[in-house]
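Below: the structure, in structure tokens.
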Amino acid sequence: MPSLSIVIPSYNRAAKLIRLLRNIEAELIDSNESGLIHVLLSDNASTDDTQSKVSSFATTKFELEYFRQERNIGFDGNVRFLYDAAETDYVWFFSDDDILLPGAIAMVQKGLAATEPEVLLFSFIQPPGSEVRTFNLPDQYAVITEPKEIIRFVSYYPKVSIYVCRKVELSDAQRKELEPFYENGFYWIDLCYSVLFAAIKPRLCIISQPLACCDDDFMNLRFGPSVFLRAFTIFQHPFVCAHLPNMAEEYRVLSYYSAIQLMFAVKMGSLRAEDAVSFEKEMKTLRIPPYALLRSPRALMQYLALRLKLVPLYKIYKKMLGRTTQSKLPPEIRKVGGDMK
């Protein structure tokens, strides 16, 4: 059975972090593989009581390593630090506000042992209680080897907690390859692409069964619309360019629509920005090219409503029609939630 590190980038979520550590411990009580599980936690210079709570947390079911950054190195910096610090066969990235479902660790371990992939993904439940699966492949452990399919699956659902990546010692060339994607907000995805690119015969394993879920606060955002504007840069990775050279440009336009929908959802009250001042500042400085707006009437109308400050009138209009302002969010918004921190 391959060894596995669950790595947790964390910032100012002490209570949720302890909930996750207890969640992991409860999972391992029923597992016979706890000796192969390591948990690495990187505290990104939290200003709450994360350090004291973690210091007082006691467990006998897994090895816990706690790192505290002297300054906030950003979400991508925290992800990179944890991947470098891990010394196991595989690294499982997990958000501090997400929750493991029963049997998750055992199923991931079995999937890694059975398929020996470079990357493993699984279905994630968001919002809580949803019966919609992220993936719907027939096999319990579906193995994908066709590069174009691998690329699309790896970027399909960018929730950090569903990514398990083989640990490799990155060469100088690989680190240079990854540098352009540092601080794009999705560094872990390009890290997975680098691991796949280096493999002679890359393998992706997909578990369609949901193994983790968000909590009730998934509507709270720790990032602004600029994160979506950078999302297309994921596909500028050499592995993607070698097989799908036009993918980055295709997603560039879609990233504009995603940013508009994110801003509109916040203004409508469907999502909440934790730092409302910073979010508002980003909104004011964000500009969308006219050619992109003309391709999507919906995006154009939402963008004009935002710029002309007509969203409150639209909310009144919806109420008059008897509709709730908590409208169904577009898929690309529902997928991301509040991961970035």
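Each value in this text was obtained by applying a stated rule to the coordinates, not by laboratory testing. Values in this document were obtained by computation on a predicted structure and should not be read as measured data. Please note: Cβ atoms are built from the backbone with ideal geometry, for glycine as well, and neighbour counts cover all protein chains shown.
Of all beta bridges that DSSP places with both ends in the chain, some 30 percent have antiparallel geometry. On the principal axes of its alpha-carbon atoms, the chain has extents of 58, 46, 41 Å, going from largest to smallest. Phi-derived couplings, Karplus 6.51 cos²θ - 1.76 cosθ + 1.60 at θ = phi - 60°, listed residue by residue for the stretch 130-140: 5, 9, 7, 8, 5, 10, 9, 8, x, 7, 4 Hz, with x used for Gly and Pro.
Taking θ as phi - 60° and the Karplus parameters 6.51, -1.76 and 1.60, the scalar couplings of the stretch 291-305 work out to 4, 6, 5, 5, 7, 9, x, 5, 5, 4, 5, 5, 5, 5, 4 Hz in sequence order, x denoting glycine and proline.
For the stretch 226-336, a simple Cβ point-charge model (Lys and Arg +1, Asp and Glu -1, everything else neutral) yields a dipole of about 580 debye relative to the Cα centre. Considering only alpha-carbon pairs that sit under 8 angstrom and 6 or more positions apart, the relative contact order computed for the chain is 18 percent. The stretch between ALA58 and LYS201, if pulled fully straight at 0.36 nm per residue, gains 47.3 nm over its current Cα-Cα span. Taken one residue at a time, the phi angles of the stretch 62-79 give Karplus couplings (6.51, -1.76, 1.60, θ = phi - 60°) of 7, 8, 10, 10, 10, 10, 10, 6, 5, 9, 6, 9, x, 5, 5, x, 5, 5 Hz. Gly and Pro are set to x. The distance from the alpha carbon centre of the stretch 30-90 to that of the stretch 207-237 is 21 Å, rounded to a whole number. When +1 charges are put on Lys and Arg Cβ atoms and -1 charges on Asp and Glu Cβ atoms, the dipole computed for the chain relative to its Cα centre reaches about 1920 debye.
A cut-off of 5 Å between modelled amide H atoms, ignoring neighbours fewer than 5 places along the same chain, links LEU271 with VAL266. Among SER10, TYR163, LEU300, whose Cα projects farthest towards the positive end of the dipole of the chain, with charges put on the beta-carbon of Lys, Arg (+1) and Asp, Glu (-1)? The residue sitting most towards the positive pole is LEU300. By the equivalent-ellipsoid construction on the alpha carbon gyration tensor, the stretch 178-307 comes out with semi-axes of 29, 20, 14 Å, ordered largest to smallest. Cα centroid separation, the stretch 282-310 to the stretch 128-183: 31 Å. When the P(r) is computed for the stretch 4-108, the part past 20 Å accounts for 33% of the Cα-Cα pairs.
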